[in-house]
Structure formats: C-alpha cells, structure tokens
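Visitor: Structure incoming, see below.
The values are calculated or read from the model by the stated rules, or taken from the named source; none is laboratory data. No experiment lies behind these values; they were computed from the predicted model shown. Because the Cβ atoms are built from the backbone with ideal geometry, glycine has one as well, and the counts that use them run over all protein chains shown.
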Amino acid sequence: MVDYEKELNPEQLRVVMADNGPILVIAGAGSGKTRTLTYRVARLIESGVRPEHILLATFTNKAAREMLGRVEMLTGIEIGRLWGGTFHHIANLILRRNCALLGYDSNYSIMDSEDSRQLINTCISELGINAGSEKFPKGNVVGDIVSLSINTEDDIAQVIAGRYPYFYNLIDEINVVASRYQIRKKELNMMDFDDLLFNLRKLMISNSPVLKEYSERFLHVLVDEYQDTNVIQAEILDLLALSHRNLMVVGDDSQSIYSFRGANFANIVRFPERYPDAKVFKLETNYRSTPGILNLANMSIINNEKQFQKKLKAVRSGGIKPVLAPVSHVIQQANFVTQRILELILEGVPFNEIAVLYRAHYHSMELQMELTRRGIPFEIRSGIRFFEQAHIKDVASFMRIMVNPFDELAWKRVLMLYRNVGKVTADRVWKFVSAHTDPLSTVLTDDLLKCASKTATPGFRKFRVMIENLIDLPDKKSASEIIEIILESGYHECLQERYTDIESRKEDLVQLGNFSEKFNSIEEFLGELALMTNMAAEEDRSYLADREENRVILSTIHQAKGLEWATVFMIWCSDGMIPLARALKDPDGEEEERRLFYVAATRAKDQLYLCYPMFNYKRGMGNTVLSPSRFIEELTPSSINDADSPYDQWIVKDVGNSWE
DNA sequence: ATACGATTTTTTTTT
DNA sequence: AAAATCGTAT
C-alpha cells in the first residue's frame, strides 16, 4: 500500500484524498501537479475502482505514458485497461467504433496538417478562385482560419474580422472554400484533427446510447492541463462525466499558452459556475525552483491582468539570481551559451539537466551549428516532426493504399514519387483506378499505361513493380517487412535520387517499423500515425536502443511545458522575438506571450540565463538594433539599487568568431 | 500542357 | 531548411 501521508504534502494530500464529485485544482508551476494526479489515480485504483472505469486525459501522449507508468509502479497493479491519452487519441478510440452513426466508414484516415493544407489548396484551385488578381490566402492560412473557427465556435467571418482583417473582403470566397473542404473530407472518408473532437462531441450529443455507454463507463474522469482545453474539449469532458460527475480538472491559468489552437482559459475560470458543487483546491508550494527564479517569474506574471490570484511559495532557499546576458549578435549568443554549457559540465551538471528554450524553431539554428562544432551532444525537441518527414509519409502512403485502396491522398503522393509524374498525371491515374472495385489490381493491367505520357512510361513500369510486390502480401507480414519490401521495390532508388542523407532516412524507416510493432495491426498503426509526435518516436528510439540519453535539450517553450531542468537558457529574449511581433496582432497576444515567458522561466530548477542579441543582421536592412524583451524591461526596478533587481546583468566578452 | 529545376521567399507555437 | 514561384525544356 502507498503511504500517501508520507509521500505528499498537506495540499497535495487533500486533493488525492478528496471525495467524489467535481474538483478543480489550481496548480502553480512546479507544485507537484503531475505527482498529485498520479497519486490520485493510484488511490482510486487501490480503493477498488477498476482501471477500465477511469479516464485520464492529458495534453501529450508522453505525459499519459509517464503518469500511467508511475501509477503501475506505485500500486503494482496492471492498469492496461485504463483509458489514458490525448483528447484526439480518446476521440479516435471512440469514433473508430461508432463513426458509422455519423456516416463515416470505420477505416477513415486521419489527416495531418500537410494533408489538410493540400486538400484545401486543391479546393481553392478547383473553385478557380486564383484567377482573380486579388491575392488569396494559401491553404495553410485558410486551414488555420477554419480550424480556429471550429475550435472557438466563432464563425469564419468573426475569425477573419478578429485575426485576419486584411482578408475581410474575401470572407465569402473563404466560406465557399471552407465548405467545399468539409465536403471533400467527408467524401474521402477522412478526418482532420478538429473533426476528431467535433465529431466526438456530435456523436455523444446526437446519440444517447453512445453517450449512455461512455458516461456510465467512466466512474472517474481526470484531466491534466485543463487551462489549454478549448470549448469542444470542455464539453466532451462534461459529457463523458455526465453520469457520475466525478470530474477532476487540474491546471494553471498562468500557463495557458495554446490560444492559437482555440484554447480558452475561461474554461478553468468558469468551472465553478458549471459545477456549483465543485471543490476547489490550490497547490501553491513550489518544489522546483530557487527563490530567485520564482521571484523573477512572479514579478513577470503579475503584469498580466487576466489571471487568478495566487502566490507561489518557494520551499527551497539559497541559489543564485537569474542572469541577464546581453550579447552583441547571434553568433556571440551561440558562443556564450556553448561556453557556459561547457563550464557547467565541468562543474558536474549532466548534459540532460541543461535546456535551451526559444520561441520559434528557427531561433536555434546558430546554436545547433556551434554545439555541433564543439562536440556537445544535443537533442532537438522541435522542428520537423519525425512522422511528418517526407520519407516517413511516403512509405506510410504505400501502406495506406494497401489497407485502403480508395485513399486518394495516398495514391497521389506515391504516384508523384515517380519521374515525370506530376499533379496532372497523378490525377488521371487516380480517376482511372478509383473507377474500379479493386484499384490495386488495375495497376497491373495494360490499360493503366494509357494514362502515361511517353516520358512517364518508365516511371509507370517501376510503379507497377512496386504494386506487384505489395499486392499479394500475406496478411501476416509485419510493417517492418513491408517497409523492407517497399525499399527493395524501388523506393531505395527514389531516396538516392532525392536526398543526400539516405542512410539516416533508412534508419528512420527501420525505427518506424520497430515502432509499429507495438500496435495490434497495420490498420491500427496507420490510423494513429497522424496523432503521433516526434517525442513519441524519440522516446521509443531510446527505449529500443536501451541507452541512457544524455544530451543537452533544445526546445521551443511550448514543448517544454511540464518539464524541468537544473539549468535553463532562454535565447532570443529580444522584443519582437518574445513577445513575437506577429503574436501581438491579437488583442490578447501580449498576455499570452508573457505566459510563455513565465512557463520558460519556471522550467529552471537552479540556474536561469536570459540571453538576447543587441544587433541582428537582416538581409536588405543591414544590422538592426534590438531591444531587450519588454518582459525584461518591466522587471527592471525604478531605483538603480542592484539588490532590488530580480536578475544580475553580465557583460559578455566577445571571444572572437567561431570559424577562426 | 506538363514537369522539372533554379531562384526566391519565408518561417509561431501543436494534436 | 522547406516551400512557393517562375522560367525553361520536353
């Protein structure tokens, strides 16, 4: 049995031991939020609740895995049947079984953002909108508008008025594109990320047996990162917890950083209104950071008007003040961070206790070069996601047409891999094969060659070889074996033509195969592929290689949420970078950016370095002068008394150019 | 008309 | 680094 009183503080213990009913936990950064959630699940299971009657909704798959792993360790009870994962994951599980009620086939595919961007672009060109001289937004922009409209429940005109005023005169056309996109998705039997949530809610509202089944099933619904839920997610939770009303939500309004995705921290604020009998708990004791770091974070977040009043109390004492390090330019910034990392290593700090955080992917470019040059091992938790890389999607598309021969997007993708086959030819082939009941076998007929021009014929022959090798595979073949066959049947050649780093891409494909072994079938594997993030793959990779990863972490602030390191560097702390100039266009943008700054600062346990370049070279503009972030300026005390400052300012000497 | 390839531009954050 | 654009070759 777990000794809860010994392992938890009084604040946490109250939450873990609280009776049934709706519960709101306002949990400050570093207050042991995950620990509390984990122990509550453990307590529920120990008190006899069966795991399959518990639902744990988390923000990432990784968070779910970690929490469930810890619950198993604590209780020693197998909890395989416990429902845990992201909203999209849970929606997928329920929709696979019940989507026929909404007119979908149960083998629907999930589109990732690239898929939806391409489909929207197709809709735009099909509608012949580009003919006009007006510049029309690209597929990804229309996609963002549509997505925001669905997730905030504002109509498209409202979203455009608020966030994209320069498209105001195009509202009608955008609406036409949006509705065509919805129709095309349904025709293709595909759901994008938003459909998963939207359809799950629709299913439960419109179908009482389904609602009854799931809401009666879940005796307890627990939610992490509730401040980042949107309206639809909040309603889904209400529905899932409808019968038993044991809904426990945990979050921190100061860490709400996903409004661009429709997250609305009004959910957490209004929770007591929706559940008047809700018990409210606060976790305000911070175990993570030194008082100096907490002081800086608190002084920053206090500038936000829209927030819950809460005061984080430090448990720790001592430590050094956060450091502000102005540097002359980007190269010097990379030099400084690298130099400081080397010194920390000499002091005994392990690589994986050091992180460098930034606002946007491309902010880490120079640093990556410098770290590589000095031989410091690092891991990038951002940038292109593993499952979104071209070679992964290519191979997955071959598998998709085998599983679902009517997957239009997958057909077009694989066809265009061949030489002299472009959009038009691929479309012609798709029209030809999809007119038959068995599209795959039509590839083997000579009629197919009628779709090809002279130049494209060799490519068609190669494609036919590929399909010949894939078409009669026994069902028993594993994904790894199929990937092997795809490589041997011509894809290897294709890699050679296109890329210079073939070996590492082939390695990725082997890992993709390994990863797939965790699933019961290839269908299930492909169905979840779009919901995977690179972190799932990274984790899996290290697990399979069975080696302790010990590397410096480079991450966006968003991806750093919930994590902690002994030393954190925040780079590019200049105004325009954080807050990002673009983000300020939104009326609530500045406060959200300040919350990002707060999240980044509170990741640090012992040392925090804020770094910004004073000059930046921009093409066409020469050297521009950068100011420190307004979030740093506003921390600077009016008196020149150093003791009042929440940070120490360092003067970084120029150590010369790194290429000398 | 179609596909390719050189050139230019452009990057927020994520399921 | 990747995508979009534009001009050229087939």
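Visitor: When you scan segment A:112-124, do you find a residue that is in contact with a helix residue (DSSP H, G or I) (Cβ under 8 Å, 6 or more places away or on another chain) and closer than 28 Å to A:Val223 by Cα, even just one?
Guide: Initial filter on segment A:112-124 (in contact with a helix residue (DSSP H, G or I) (Cβ under 8 Å, 6 or more places away or on another chain)): A:112-124.
Okay, now just the ones that are also closer than 28 Å to A:Val223 by Cα, so A:112-113.
Among the residues of segment A:112-124, at least one is in contact with a helix residue (DSSP H, G or I) (Cβ under 8 Å, 6 or more places away or on another chain) and closer than 28 Å to A:Val223 by Cα, which makes the answer yes.
Visitor: In addition: Kindly indicate whether any position in segment A:154-164 is farther than 27 Å from A:Gly527 by Cα, of a type in the set (Ser, Thr, Tyr) and within 16 Å of DNA strand B (Cβ to nearest atom).
Guide: Initially, segment A:154-164 is screened for residues farther than 27 Å from A:Gly527 by Cα, giving A:154-164.
Checking which are of a type in the set (Ser, Thr, Tyr) leaves us with A:164.
Then drop every residue that is not within 16 Å of DNA strand B (Cβ to nearest atom), which leaves A:164.
Checking segment A:154-164: at least one residue is farther than 27 Å from A:Gly527 by Cα, of a type in the set (Ser, Thr, Tyr) and within 16 Å of DNA strand B (Cβ to nearest atom).
Visitor: Does A:Lys138 count as under 27 Å from A:Lys431 (Cβ atoms), touching a residue at least 60 places away in the same chain (Cβ under 8 Å) and surrounded by fewer than 17 Cβ atoms within 10 Å (Cβ to Cβ)? Step through it out loud before you land on a result.
Guide: Values: under 27 Å from A:Lys431 (Cβ atoms): yes; touching a residue at least 60 places away in the same chain (Cβ under 8 Å): no; surrounded by fewer than 17 Cβ atoms within 10 Å (Cβ to Cβ): yes.
Against the criterion (under 27 Å from A:Lys431 (Cβ atoms), touching a residue at least 60 places away in the same chain (Cβ under 8 Å) and surrounded by fewer than 17 Cβ atoms within 10 Å (Cβ to Cβ)), A:Lys138 does not qualify.
Visitor: May I ask you to verify whether A:Phe167 is part of a loop (DSSP other than H, G, I, E, B) and within 16 Å of DNA strand B (Cβ to nearest atom)?
Guide: So A:Phe167 fails the test.
Visitor: Separate question: State the number of residues belonging to segment A:346-369 that are surrounded by 15 or more Cβ atoms within 10 Å (Cβ to Cβ) and either more than 16 Å from DNA strand C (Cβ to nearest atom) or of a type in the set (Ser, Thr, Tyr) (or both).
Guide: Of the residues in that region, 11 qualify.
Visitor: Go over the candidates A:Asp195, A:Asp155 one by one and state the one that is surrounded by 15 or more Cβ atoms within 10 Å (Cβ to Cβ), modelled with pLDDT of 90 or more and within 26 Å of the chain's Cα centre (by Cα).
Guide: Only one candidate qualifies: A:Asp195.
Visitor: Can we say A:Ser106 is over 18 Å from A:Gln182 (Cβ atoms), within 16 Å of DNA strand C (Cβ to nearest atom) and either outside any helix (DSSP H, G or I) or at pLDDT 90 or above (or both)?
Guide: no
Visitor: Restricting to segment A:75-95, and then to whatever is buried (at least 17 other Cβ atoms within 10 Å of the Cβ) and farther than 17 Å from A:Thr58 by Cβ, can you tell me which residue is nearest to the chain's Cα centre (by Cα)?
Guide: My answer is A:Leu95.
Visitor: How about segment A:604-615: which of its residues are assigned to a strand (DSSP E or B) and surrounded by fewer than 18 Cβ atoms within 10 Å (Cβ to Cβ)? Give the derivation first.
Guide: Of all residues in segment A:604-615, those assigned to a strand (DSSP E or B) come to A:604-613, A:615.
Hit for segment A:604-615 is A:Phe615, nothing else.
Visitor: Counting only residues that are away from DNA strand B (no atom under 12 Å from the Cβ), over 18 Å from A:Ser364 (Cβ atoms) and outside any helix (DSSP H, G or I), how many does segment A:576-603 have?
Guide: Matching residues across segment A:576-603 total 2.
Visitor: Hey, another quick one. Counting residues that are out of contact with any Lys or Arg (no Cβ under 8 Å at 6 or more places or on another chain), in contact (Cβ under 8 Å) with a residue 60 or more places away in the chain and within 30 Å of A:Gly80 (Cα to Cα), which helices (runs of 4 or more DSSP H) fully inside segment A:431-536 reach at least 3?
Guide: By residue number, A:479-486, A:502-516, A:522-529.
Visitor: Based on what the data block shows, is A:Ser113 under 30 Å from A:Asn61 (Cα atoms) and of a type outside the set (Val, Ile, Thr)?
Guide: Yes.
Visitor: Of a type in the set (S, T, N, Q) and within 16 Å of DNA strand B (Cβ to nearest atom): which single residue out of A:Ser289, A:Ser317, A:Ser300, A:Ser382 fits that description?
Guide: A:Ser382
Visitor: List every residue pair whose Cβ atoms sit under 6 Å apart, with the two residues 6 or more apart in sequence or on different chains, where the first one lies in segment A:104-124 and is over 17 Å from A:Leu203 (Cβ atoms) and touching a residue at least 40 places away in the same chain (Cβ under 8 Å) and the second, anywhere, is within 11 Å of DNA strand B (Cβ to nearest atom) and outside any loop (DSSP other than H, G, I, E, B).
Guide: A:Ser116/A:Gly143; A:Ile120/A:Gly143
Visitor: Under the condition of being more than 16 Å from DNA strand C (Cβ to nearest atom) and surrounded by 13 or more Cβ atoms within 10 Å (Cβ to Cβ), which residue from segment A:446-459 is farthest from A:Phe406 (Cα to Cα)?
Guide: Only one residue fits best here, namely A:Cys451.
Visitor: Out of the residues in segment A:370-393 that are in a loop (DSSP other than H, G, I, E, B) and within 13 Å of DNA strand C (Cβ to nearest atom), which is nearest to A:Arg551 (Cα to Cα)?
Guide: So the residue we want is A:Ser382.
Visitor: What residue, among those in segment A:226-269 that are part of a loop (DSSP other than H, G, I, E, B), in contact with a strand residue (DSSP E or B) (Cβ under 8 Å, 6 or more places away or on another chain) and over 23 Å from A:Ser149 (Cβ atoms), is modelled with the lowest pLDDT?
Guide: Among residues in segment A:226-269 that are part of a loop (DSSP other than H, G, I, E, B), in contact with a strand residue (DSSP E or B) (Cβ under 8 Å, 6 or more places away or on another chain) and over 23 Å from A:Ser149 (Cβ atoms), the one modelled with the lowest pLDDT is A:Asp252.
Visitor: So which residues in segment A:141-167 are within 21 Å of A:Leu197 (Cα to Cα) and of a type in the set (A, V, I, L, M, F, W, C), if there are any at all?
Guide: A:Val141, A:Val142, A:Ile145, A:Val146, A:Leu148, A:Ile150, A:Ile156, A:Val159, listed by residue number.
Visitor: Sticking with this structure for a sec: If a residue has to be closer than 20 Å to A:Leu608 by Cα and among the aromatic types (Phe, Trp, Tyr) to count, how many in segment A:263-293 make the cut? Spell out the reasoning first.
Guide: Quick first cut of segment A:263-293, residues closer than 20 Å to A:Leu608 by Cα only: A:285-293.
In the following step, the residues that additionally are among the aromatic types (Phe, Trp, Tyr) were identified as A:287.
The total comes to 1.
Conditions (1) within 16 Å of DNA strand B (Cβ to nearest atom); (2) out of contact with any His (no Cβ under 7 Å at 6 or more places or on another chain); (3) of a type outside the set (A, V, I, L, M), marked per residue:
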| site | (1), (2), (3) |
| --- | --- |
| A:Arg400 | no, yes, yes |
| A:Lys412 | yes, yes, yes |
| A:Lys423 | yes, yes, yes |
| A:Val429 | yes, yes, no |
| A:Pro439 | no, yes, yes |
| A:Pro458 | yes, yes, yes |
| A:Glu484 | no, yes, yes |
| A:Leu487 | no, yes, no |
| A:Cys494 | yes, yes, yes |
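Visitor: Examine segment A:618-629 for a residue that is closer than 24 Å to A:Gly318 by Cα, at pLDDT below 85 and not in a loop (DSSP other than H, G, I, E, B), and state whether such a residue exists.
Guide: The answer is no, given that none of the residues of segment A:618-629 is closer than 24 Å to A:Gly318 by Cα, at pLDDT below 85 and not in a loop (DSSP other than H, G, I, E, B).
For (1) buried (at least 22 other Cβ atoms within 10 Å of the Cβ); (2) of a type outside the set (Gly, Ala, Ser), each residue gets a yes or a no:
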| position | (1), (2) |
| --- | --- |
| A:Asn207 | no, yes |
| A:Ser215 | no, no |
| A:Tyr226 | yes, yes |
| A:Val231 | no, yes |
| A:Asp238 | no, yes |
| A:Tyr258 | no, yes |
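Visitor: Another one. Restricting to segment A:42-71, count the residues that are in a helix (DSSP H, G or I) and either within 16 Å of DNA strand B (Cβ to nearest atom) or under 26 Å from A:Ile257 (Cα atoms) (or both).
Guide: 8
Visitor: Something else about it: So, A:Leu74, is that one away from DNA strand C (no atom under 16 Å from the Cβ) and outside any loop (DSSP other than H, G, I, E, B) or not?
Guide: So A:Leu74 passes the test.
Visitor: Scan A:Leu101, A:Leu74, A:Leu55 and give me the residue that is out of contact with any Asp or Glu (no Cβ under 6 Å at 6 or more places or on another chain) and farther than 25 Å from A:Met17 by Cβ.
Guide: Only one candidate qualifies: A:Leu101.
Visitor: Pick out the one residue from A:Val395, A:Val414 that is in contact (Cβ under 8 Å) with a residue 24 or more places away in the chain and under 30 Å from A:Tyr362 (Cβ atoms).
Guide: Of the residues listed, the single one that is in contact (Cβ under 8 Å) with a residue 24 or more places away in the chain and under 30 Å from A:Tyr362 (Cβ atoms) is A:Val395.
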